1. Exactly one condition in (1) touching a helix residue (DSSP H, G or I) at 6+ places or on another chain (Cβ under 9 Å); (2) among the small types (Gly, Ala, Ser); (3) open to solvent by 20 Å² or more (accessible area, probe 1.4 Å) is false for residue 308; which is it?
2. Do you know which residues across segment 316-347 are farther than 26 Å from residue 108 by Cα, open to solvent by 40 Å² or more (accessible area, probe 1.4 Å) and assigned to a loop (DSSP other than H, G, I, E, B)?
3. Exactly one of (1) over 18 Å from the mean Cα position of the chain (by Cα); (2) open to solvent by 10 Å² or more (accessible area, probe 1.4 Å); (3) under 29 Å from residue 215 (Cβ atoms) is unmet by residue 71. Its number?
4. Among 50, 62, which is within 16 Å of the chain's Cα centre (by Cα), of a type in the set (Ser, Thr, Tyr) and open to solvent by less than 70 Å² (accessible area, probe 1.4 Å)?
5. Could you please find all residues in segment 234-275 being among the β-branched types (Val, Ile, Thr) and part of a helix (DSSP H, G or I)?
6. Here is a list: 234, 210. Which entry is in contact with a Lys or Arg (Cβ under 9 Å, 6 or more places away or on another chain) and either farther than 30 Å from residue 107 by Cα or open to solvent by less than 20 Å² (accessible area, probe 1.4 Å) (or both)?
7. Give me the residue from segment 215-231 that is in a loop (DSSP other than H, G, I, E, B), among the hydroxyl-bearing types (Ser, Thr, Tyr) and closer than 17 Å to residue 64 by Cα and, out of that set, most open to solvent (accessible area, probe 1.4 Å).
8. Could you please let me know if residue 300 is outside any helix (DSSP H, G or I) and surrounded by fewer than 20 Cβ atoms within 10 Å (Cβ to Cβ)?
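The values are calculated or read from the model by the stated rules, or taken from the named source; none is laboratory data. Everything quoted here is computed from the prediction, not taken from an experiment. Here the Cβ is made from the backbone with ideal geometry for all residues, glycine too, and neighbour counts use every protein chain on show. Accessible surface areas use protein heavy atoms only, side chains included; no ligands, DNA or RNA. Shrake-Rupley method; radii C 1.70, N 1.55, O 1.52, S 1.80 Å.
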Amino acid sequence: MHEKLFTPGPTEVRTELLQQLSTAQIHHRTKEFSIIYDDIQKNLRKLLFTDNPVLLFSSSSTGAMEAAVTNGVKKRCLNFVNGAFSDRWHQITKKNGIACDKIEISWDQAVKPELVEQKLQTGAYDAITVVLNETSTGLMNPIKKIGEVVKKFDDVLFLVDAVSGMAGTEIRVDDWGIDMCLAGVQKAFALPAGLTVASVSEKLLKRAETVDSKSYYFNLPLLYKYHQRSQTRTTPAGPQIFALQKQLDYIVNEEGINNRFERHQKMAEYVQNWALEYFDIYAEEGYWSNTVTCIENNRGINVDRLISQLVEQYNVRIANGYGDLKNKAFRVGHMGDLTLVDIKGLLSVIEDILSL
């Protein structure tokens, strides 16, 4: 019997989706594959409220983050950092030799639109990176409002890491002016790891044509060339693609996109109310995530022992705090195909273990 995951990724995967991974392989240069690819495109566009192409990367999300900056930055990039994964994007930008600056904000604070506007008014930047939902802190940045600011600067690309938010909270790519919106499927999509999806705007594709790309594998113009043929440029992660097709059909046609978002919101509210009753929430109020809550350990409990007891006694797993927050907080993932009943059961056993 496996451990049921309430971690902020990877997440619990339904049996029928795991079974889909064993589908007989097909060649990726066939009409059969192109039909699957087009079906995935149709539903990803619905999920993201976009007319943009959504490219498939057979890599972790880090690969798509690298593609965003290596293809999208011609002048200078501004990396907004308020958590571990926004900092990773800054490190990716630096390691690729791309001119960039880091704006570091306290990890418990959101990136505010006023700060973005202040920095872009300098005219020094042609791209910004922002994380929608910081997995490390349970904080959701106001991407919609930031997008309204970026729209004022015609030459600036808006690059968004939506790794732990996509498929769990509303993202309107076109309305919010997002030029790349990327996510791995192992979080709110509730699929096995190994595949990343990323919407790309015409503005980004045009920029990529003028940038001396530093990558062969993550070359957006070449990826888009094959996308136009309803194919991936290189051999894809076939099993994950089969599972993604099935899950997207379920999200769009069975559960319903808005119903999925509402379910995530209800789970988030329940966890957050529980956290406020027994502990506290790490992130700034008003910017709490719909998919993961970072619960501040203001009671001084032994977080590692709690995690071990949950695994040994109940076969469920949550996550410790990330990086500097280890043992100072613990994280509960409420994303993917989990239900409110699942969440209530988890929190009930935590209460029993801690005698709350």
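1. (1)
2. 339
3. Going through (1) over 18 Å from the mean Cα position of the chain (by Cα); (2) open to solvent by 10 Å² or more (accessible area, probe 1.4 Å); (3) under 29 Å from residue 215 (Cβ atoms) one by one, residue 71 breaks only (2).
4. So the residue among 50, 62 that is within 16 Å of the chain's Cα centre (by Cα), of a type in the set (Ser, Thr, Tyr) and open to solvent by less than 70 Å² (accessible area, probe 1.4 Å) is 62.
5. Listed by number, the residues that qualify are 241, 251, 252, 257, 271.
6. The conditions single out 210.
7. Across segment 215-231, the extreme among qualifying residues is 216.
8. Yes.
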